[in-house]
Amino acid sequence: MATMTAPTAEEKPVPGGNDVLVKFDEGIAWVHLNRPDKRNAMSVGLAREMNAVLDALEIDDRCKVIVLTGSGDAFSAGMDLKDFFRATDAISDVERHRAYRETRAWQWRTLMYYAKPTIAMVNGWCFGGAFTPLICCDLAIADEAAVFGLSEINWGIIPGGVVSKAISTLMGDREALYYVMTGEKFDGRRAKELGLVNEAVPADRLRERTRELALILAEKNPTVLRQARMAYKYAREMNWELAAEYLTAKGDQTTFVDVEKGRAQGMTQFLDEKTFKPGHGHYNRDAS
Ligand code: COA
């Protein structure tokens, strides 16, 4: 019987296809929405590819952090209007349900609770439905000249998909309603003021600054990083009493599931060996 050998990193197939392009570098998976001719408008086909890509990257050792961005001069021009209006008007109710389910899966549920950290890198146009994956990534950095817009009011629809819910998690009501009701565009600097992105940087700094941030995340204890992200995201939906119970249990669970035993290492290095001070840096992850 032939013996099977595990493929090397170079031999492993790269997930993605026509509409989603993945490039690996330094533990970062750069995931490009890849319909530049259509300004990366998010079609049903793109949703299917993104679901497959996110599933694959979650268990791919070449990926410690995901950066979600767009090919060409757009992050994404939002939902593909042809696919989601013209085309879905003509198909059965079941097919329409399926199209929406597949879209929600990657844009919201999967990204929001993804096993690995995610950064949205907004490199250009960001409209309507694109706010959902932007907001469901953990962190975001924008080109300061990127153009954002909840344009829907200007042509007869309400903000696409779950955008109204998504913006309410990051923006204040006054600001969110202002842009929902006026459809006015804004740039990356304003997106930073609104809390939609962590930073807005000049275009020629965008990739490097995103890379720096991704590498910081790639260095962390991945189990504790995941637990900390999940704890924050679930606790914000709870009242104080439930959150207190949940977070205590989550802390205990983190100690239990952390194969690196980070807590024990940190304690030993701070309390016994006095080789590490939390206020001055990181514990030594390789010390065990
Ligand atoms: N859905 C479907 N197709 C889209 C699209 C969308 N959301 N956004 C752009 N496209 C298509 C255009 O129809 C055009 O296709 P064509 O070449 O077959 O004619 C192609 O992408 C290029 O777009 P174009 O408008 O020519 O590019 P531009 O650089 O002049 O303008 C935008 C870019 C993003 C400002 C403009 O395309 C736009 O306003 N898009 C719609 C944005 C929007 O309201 N999104 C909300 C959806 S929820």
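For the range 105-134, what are the residues that are part of a helix (DSSP H, G or I) and either aromatic (Phe, Trp, Tyr) or within 14 Å of the ligand (Cβ to nearest atom) (or both)? Within the range 105-134, 106, 107, 108, 128, 129, 130, 131, 132, 133, 134 qualify. Could you list, in sequence order, the residues of the range 222-275 that are out of contact with any Phe, Trp or Tyr (no Cβ under 8 Å at 6 or more places or on another chain) and among the aromatic types (Phe, Trp, Tyr)? Answer for the range 222-275, where residues must be out of contact with any Phe, Trp or Tyr (no Cβ under 8 Å at 6 or more places or on another chain) and among the aromatic types (Phe, Trp, Tyr): 232, 240, 256. The set of residues in the range 163-194 being of a type in the set (Asp, Glu), outside any loop (DSSP other than H, G, I, E, B) and more than 16 Å from residue 75 (Cα to Cα) consists of 173, 175, 193.
Taking (1) within 17 Å of the chain's Cα centre (by Cα); (2) surrounded by 18 or more Cβ atoms within 10 Å (Cβ to Cβ) in turn, residue 201 satisfies each apart from (1). In the range 142-162, the residues that are part of a strand (DSSP E or B) reach residues that are among the acidic types (Asp, Glu) and more than 8 Å from the ligand (Cβ to nearest atom) with C-beta atoms within less than 8 angstrom, at least six apart or across chains, in these pairs: 142/199; 147/187; 148/187; 149/184.
Evaluating residue 225 against the criteria (1) under 22 Å from the mean Cα position of the chain (by Cα); (2) of a type outside the set (Ser, Thr, Tyr); (3) assigned to a loop (DSSP other than H, G, I, E, B) leaves one unmet condition, (3).
Here residue 254 meets the list (1) more than 29 Å from residue 69 (Cβ to Cβ); (2) exposed (fewer than 12 other Cβ atoms within 10 Å of the Cβ); (3) not small (Gly, Ala, Ser) almost entirely, failing just condition (2).
Where a number appears in this text, it was derived from the coordinates with a stated rule and is not lab data. Note that this is a predicted model, so its numbers are computed, not measured. Here Cβ is always computed from backbone atoms with ideal geometry, including for glycine, and neighbour counts include all displayed protein chains.
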